[in-house]
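First comes the structure, then the notes that go with it.
None of the figures in this text is laboratory data; all of them are computed from the coordinates on show. Predicted, not measured: the structure shown is a model, and the values here were computed from it. In this analysis, Cβ positions are derived from the backbone assuming ideal geometry, glycine residues included, and neighbour counts consider all displayed protein chains.
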Amino acid sequence: RQKSSYYNRHNAKKDILIEVQGDLLYGIHPVKLAIKAKRRTIHKIFYNKYSEKAVELAESAVAQNAAVKMQQISRANLDELTRLAFRYKDHHVHQGIVADVSKMYPIPIDYKMPQFPELTYDYGRDLEGEKFVLLMYNILDPMNVGAMLRSALYFGVTKVILAGDRQDLSGMISKTSSGALEMMSIFALRNPVTFLQDLKEKNWQILALSTPNPSLKDTRQLNQVGSGDKPTILVIGSEGIGIPAEVLQCADTGIYIPSLQQCRNDPGECFVDSVNVSVATGIAIHHLVSTRS
């Protein structure tokens, strides 16, 4: 197991060496839900003694598992630890707690991970009986991924599939999801076309969040579509590339969210032509889940 070292350089006289065995989770909710879910090994918890909630959470983790180690460090050290571990941005709201945990991997659907033989997919166990599943294609921004997971779980969706290029299930995604990542089943897929065709044969409804596109048989406004009584999978693509034509062709219906700007008679006056993909995801899931038969 490779270890990484992080230093605090704010004050040369107080530099400390911190050895990290796995990934870092930061923030009250991600750490709390990781402890609750018991999917990750909690190696060590770093906390600031002036954060009451952080101290309580660290002590609770040790009370549940005596193998968990605790280390009290300054807020400056926590700042530096998260900054060096997550270079996507300079400042991270760690709320006085950071946990060294085992890495999380998605469950592979159509391929194997020999180094993790316990990660196996079985339709009967994993998807059969589900009412609604989200498939995220080429969503690479960790902030968007986290926000989409948070909305999905809030509206009752617990199974998410990642296809195309994808982000690692990092601590930043867990933080952005407010810990939702820790409570969800995340799968990964290399051939979405074969997978979606197989679901269609099992009587699933396949919806794609997309503006009108020649690859789609049918496109409707979101408020004109419901989930009905069929199990439904919603495919959502990235803001830049969208959903590939071969994947769109698998969809029964394309759905889009119309703008309510007062510019329908003059498109040149529509200064915003779309909403963020995570916002669109929340709107679509809420409508489709709420309209189930």
Amide H neighbours of Lys69 at under 5 Å, excluding residues fewer than 5 places away on the same chain, with H built from the backbone geometry, are Lys44, Ile45
Sort 116-122, 273-279, 167-173 by packing, meaning the average of other beta carbons within 10 Å per residue, with the highest value first. 167-173, 273-279, 116-122
Net lengthening on full extension, Val275/Ser259 (0.36 nm per residue, minus Cα-Cα): 4.9 nm
Listed by chain and number, the residues whose amide H is under 5 Å from that of Ile161, excluding neighbours fewer than 5 places away on the same chain and using placed H, are Leu134, Leu135, Met136, Phe187
Would you kindly state how much longer the chain becomes between Met113 and Ile283 on full extension, computed as 0.36 nm times their sequence separation minus their alpha carbon distance, in nm to one decimal? 57.7 nm
Give me the angle, in degrees from 0 to 90, between the Cα long axis of helix 277-290 and the longest principal axis of the Cα atoms of the chain, rounded to the nearest 10. 60
per DSSP, antiparallel bridges as share of beta bridges in the chain, % nearest 5, sits at 30
To the nearest 10 degrees, how steeply does helix 75-85 sit against the main Cα axis of the chain, on a 0 to 90 scale? 50
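Can you bin region 163-293 into rounded, prolate or oblate? Criterion: square roots of the alpha carbon gyration tensor eigenvalues sorted a ≥ b ≥ c, rounded for a/c under 1.5, prolate for a/b above b/c, oblate for the rest.
Oblate, because a/c is 1.5 or more while a/b does not exceed b/c.
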Going by alpha carbons, how many degrees (0 to 90, nearest 10) lie between the helix axis of 52-64 and the longest principal axis of the chain? 90
For a 32 Å ceiling on Cα separation, which of these pairs sit above it: Lys53/Lys230; Lys32/Lys159; Lys36/Lys200; Lys53/Lys131; Lys44/Lys112? Lys53/Lys230; Lys36/Lys200; Lys53/Lys131
Find which of Met183, Leu33, Pro106 sits farthest along the positive direction of the dipole of the chain, computed with +1 on the beta-carbon of Lys and Arg, -1 on that of Asp and Glu, about the Cα centre. Leu33
Measure of size requested: the Rg and Dmax of region 177-229, with Cα atoms as the atom set and Å as the unit; please supply both. 14.6, 38
